[in-house]
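Report on the following structure.
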Amino acid sequence: MADQQPQESVSTTETAPVTAATTTAVDNESSDVLPVTDDVVEKSTFLQSVTTVVFSLATTALVYALGYWRIASASTWVVLPLMACVQVVRDRWRQAGRVRRRRAQLFATSDEKDLIAANVSELPSWVFFPDIHRAEWLNQILKQMWPLISVYAQNTIKKSVEPMVAESLREYKINNFAFDKLRLGSIAPKIGGVKVYDKVSRDQIMLDIDVIFASDCDISFFVSGIPCGIKDFQMRGMMRIVMRPLLTVSPLVGGMQIFFLNQPDIDYDLMGVADVLDMPGLNDVLRKVISQQVAATMVLPNKLPIVLSNEIATHIVKLPEPEGVLRVHIVQAKNLVAKDMKLIGKGKSDPYVTVTLGAQQFKTPTINNDLNPKWDYWCEFASFSPRGQVLKLKLYDEDDMVGKKHSNLGRATLQVGSVAKIGEVDKWINLEDTKHGMIHVRLQWLELTLDKNALKRALTETQELRITNMSSAIVMVYIDSAINLPNARAQSKPDPFVRVTVGQTSQVTVGKLRTERPVYEQGFTFLVSNPETDSIEFKVIDQKTNTQLGLYVYELSKLLFANKMQVEPQPYDLIIDSKNQHHESKLLFCLQLKFLKKMPKLVDITDGEDIVTKPLSRQTSVQSNKSVNSAITTVDVSENQSSPVNVSTPTEAMSRTPSIKRDSMISRGSTSGAGDQEPLIEQTETTELLCESPEPCGTGTLGSIKITLAFSVTRQRLNVTIHKVVNLPIKEPSNIPDPYVKLYILPKKDNSNTKRKTEAYKDNCNP
């Protein structure tokens, strides 16, 4: 014991000064970095401004000299000044990018406490969200291990990524790709915060990680002998890690799924010949391509699955399991900003909307010359993790000029998790990042179920809404492998990939190089219009020759009779051509089918009063039907009616309509009070608001007409059916009328969009 005490004291004495010195060095570094950097940036900006002025003067002198001595043609007077202007704009734009990336690097290397007063957008997530916890201990581990991780990553990229990139570039006739210098830098990735969810399934663990990677990497490569490079690559996004299923044996977790909830922010700087693209316009195209590649790998619905235990089948971890489907209805917008200015009259815009959820994106048609466009556009997203996902709406003014960027008209964001809780959202949203404008959207969350009755209800709703691209089910596909594929070329093994098609949607697996037994282990998800008639097609194709190696078509109606509407992984014989079935070639896959079901919800009718205050008068129908979308009422075409309309007996087709109070639906000449309304209505079905003559019309001197009005709240569309006209008067027996009916919607009677006309019937008083 006496010998051990001095050793402990010596150890303590030696360790303490080192720790203090290290802490002092870090503090001094963090305290000196920002001021020095600001001075450097100011000096760099000043020197660059001087250089730009000198360059401009030199260019002007050169152009003058060429013209004075008549060395160049007249076009030189235009080309060289234009080149000088482009160079000035490009230098300023690149300098702004360098400053932005340098600030991000300082944020990644400095102490967070010293940067609280910095730009709010660059602060870590734990500053804004109390349920996100700091992970400085994890950052210290990453910082300590980063030199080793970077070496491992460099070797992996050199051995695995380089051949894949080279093979992909050969499709574009670009050969000889090779990395020259691969340095990931000394700045380690940083974790801005960690959030662990508690209300999840008992067989999984789910956490979100705010990933910040502001590297000082220096990567150079050769493409066909041309030097190119990327430096200062930066990325930030919210990454979700799902560990499932949990086991009772080592390693306690069967697998992991890693993915970004939304598209991460990416920035970088180009070098070499690729530096020519580093200018506004061309750079946007390149960034979009890189973002698409990242989204295709790790942005929902794409995931990076990792199997950790041999006790779990691979398809359990890699088979996609969506939680529901988000149905989006872009109704209309109003009061948009006019981007196309005109000399005479008011300016207009040609608006369209992009709807983005993770890596999935849809685009509405363009409405020309309209600041209050009506799209009536529908789209659907398979949602794998509604908590944390954001639906992004971006409005643009389309410009036909080649190379001109479409002008921004505003944007809006909605939390998918809140829609999943409520079940349905119908609202006007004020647009951000613009002077004025609003957009009207409807969101509906559809659950997944094995109840076959849900299929009938979904198909009925699709028919009532008259929308052909709506889905009633979703199918999950897992492609395991293929066996004994034929050769597409003599003396060469195929490079196969699989194209999976359902309806008009196709997805492909990754290509495998030179193998007759490829292993894919990939999962896909498809929305299905009608599983009773649709089928899923598998095509195995050679990557180089584009030759079909095999085909298999699976009728989805078979899944309706399968146990739990799923089939386990098993081999299926591939068809080589229409006459020959190659029994040796097989494709292993599994399928699972689920139906879409609307969430029953309880809605407070009094909430509809907020909708009445919105500018569109037609939204009164939304107020009265917010919770039921539709109901059956009657309207009498006789004149001088001021009492509330009576409710007629529903027809058999509409017997599913929820029971509601008459005055809460429609009134004429009087308004129902808040106390007369039922507080809660349970929504179960979606029908249309029908107004039909309940009894024969009165005996007027000019005859009678029978009509049916059907207003679809979901589609905001009025359907009018003219059944018949009876007892039209005849002024002269020799001149029998040729009647037809004209319809107008007031007050815009002269608008062609508000006028309709029936066919004329010859010599008929009762058409």
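The values are calculated or read from the model by the stated rules, or taken from the named source; none is laboratory data. Predicted model only: the values in this text are computed from it and were never measured. Please note: Cβ atoms are built from the backbone with ideal geometry, for glycine as well, and neighbour counts cover all protein chains shown.
Among the listed residues L252, L246, identify the single one that is at positive phi, surrounded by fewer than 19 Cβ atoms within 10 Å (Cβ to Cβ), hydrophobic (A, V, I, L, M, F, W, C) and at pLDDT 80 or above.
Checking each option against the conditions leaves just L252.
Condition first: buried (at least 19 other Cβ atoms within 10 Å of the Cβ), charged (D, E, K, R) and at pLDDT below 90. Now tell me which residues in the stretch 369-402 satisfy that.
The answer is R387, and nothing else.
Among (1) at negative phi; (2) part of a strand (DSSP E or B); (3) in contact with an Asp or Glu (Cβ under 8 Å, 6 or more places away or on another chain), where does D399 come up short?
It is condition (2) that D399 fails.
Just need a number here: residues in the stretch 401-429 that are among the polar types (S, T, N, Q) and free of Cβ contacts under 8 Å to residues at least 12 places away in the same chain.
1
Got a sec? Which of V289, V294, V276 is under 24 Å from N176 (Cα atoms), at pLDDT below 90 and either in contact with a Pro (Cβ under 8 Å, 6 or more places away or on another chain) or in a loop (DSSP other than H, G, I, E, B) (or both)?
The conditions single out V294.
Among the residues that make up the stretch 348-357, is at least one of them touching a His at 6+ places or on another chain (Cβ under 7 Å), assigned to a strand (DSSP E or B), of a type in the set (A, V, I, L, M, F, W, C) and within 22 Å of W375 (Cβ to Cβ)?
no
For the stretch 406-427, give me each residue that is within 14 Å of the chain's Cα centre (by Cα) and under 28 Å from D340 (Cα atoms).
Hits for the stretch 406-427 are R411, A412, T413.
Kindly establish whether Q504 is polar (S, T, N, Q) and either within 22 Å of A382 (Cβ to Cβ) or within 27 Å of the chain's Cα centre (by Cα) (or both).
yes
Please determine whether any residue of the stretch 111-133 is modelled with pLDDT of 80 or more and more than 33 Å from the chain's Cα centre (by Cα).
Looking for residues that are modelled with pLDDT of 80 or more and more than 33 Å from the chain's Cα centre (by Cα), one finds none in the stretch 111-133, hence no.
Are there any pairs, at least 6 apart or on different chains, whose C-beta atoms fall under 6 Å, with the first in the stretch 579-600 and at pLDDT 80 or above and the second charged (D, E, K, R) and surrounded by 16 or more Cβ atoms within 10 Å (Cβ to Cβ), and if so, which?
What qualifies is L588/D480; K597/E447; M599/E447.
S150 - would you say it is within 30 Å of the chain's Cα centre (by Cα) and of a type in the set (G, A, S)?
Considered against the rule, which asks whether it is within 30 Å of the chain's Cα centre (by Cα) and of a type in the set (G, A, S), S150 comes out as no.
Which is more than 29 Å from T356 (Cβ to Cβ), among the hydrophobic types (A, V, I, L, M, F, W, C) and outside the structural domain of S385 (by TED's automatic domain parsing), of V528, V519, V508?
V519
Give L414, L357, L395 a once-over and let me know the one that is under 26 Å from G237 (Cα atoms), in contact with a Phe, Trp or Tyr (Cβ under 7 Å, 6 or more places away or on another chain) and not small (G, A, S).
Going through L414, L357, L395 in turn, the sole match is L357.
Residues K231, K195: which one is among the basic types (K, R), touching an Asp or Glu at 6+ places or on another chain (Cβ under 8 Å) and closer than 29 Å to R170 by Cβ?
Unique residue meeting the criteria: K231.
Pick from the stretch 369-405 the residues that are among the aliphatic types (A, V, I, L, M) and under 29 Å from L446 (Cβ atoms): which of them is nearest to the chain's Cα centre (by Cα)?
Ranking the qualifying residues of the stretch 369-405, first place goes to L391.
T366 - would you say it is of a type in the set (S, T, Y), modelled with pLDDT of 90 or more and over 30 Å from P320 (Cα atoms)?
Answer is yes for this residue.
Which of the residues that make up the stretch 205-247 are assigned to a strand (DSSP E or B) and of a type in the set (D, E, K, R)?
D208, D210, D218, K231, D232, R236, R240
Consider only pairs whose beta carbons are under 8 Å apart and that are at least six residues apart or on different chains; among these, list those whose first residue lies in the stretch 304-319 and is in the same structural domain as L246 (by TED's automatic domain parsing) and whose second residue is among the β-branched types (V, I, T) and part of a helix (DSSP H, G or I).
Hits for this filter: L304/T297; P305/V317; I306/V317; V307/T314; V307/V317.
Quick check, is I219 crowded, with 20+ Cβ neighbours inside 10 Å, over 18 Å from K158 (Cβ atoms) and either free of Cβ contacts under 8 Å to residues at least 60 places away in the same chain or over 27 Å from the mean Cα position of the chain (by Cα) (or both)?
No; evaluated as a whole, the condition is false for this residue.
Would you check which residues across the stretch 181-204 are part of a loop (DSSP other than H, G, I, E, B), of a type outside the set (D, E, K, R) and surrounded by fewer than 15 Cβ atoms within 10 Å (Cβ to Cβ) and list them?
Selection gives S186, V200, S201.
Keeping to the stretch 403-450, report how many residues are assigned to a strand (DSSP E or B) and out of contact with any helix residue (DSSP H, G or I) (no Cβ under 7 Å at 6 or more places or on another chain).
Matching residues across the stretch 403-450 total 25.
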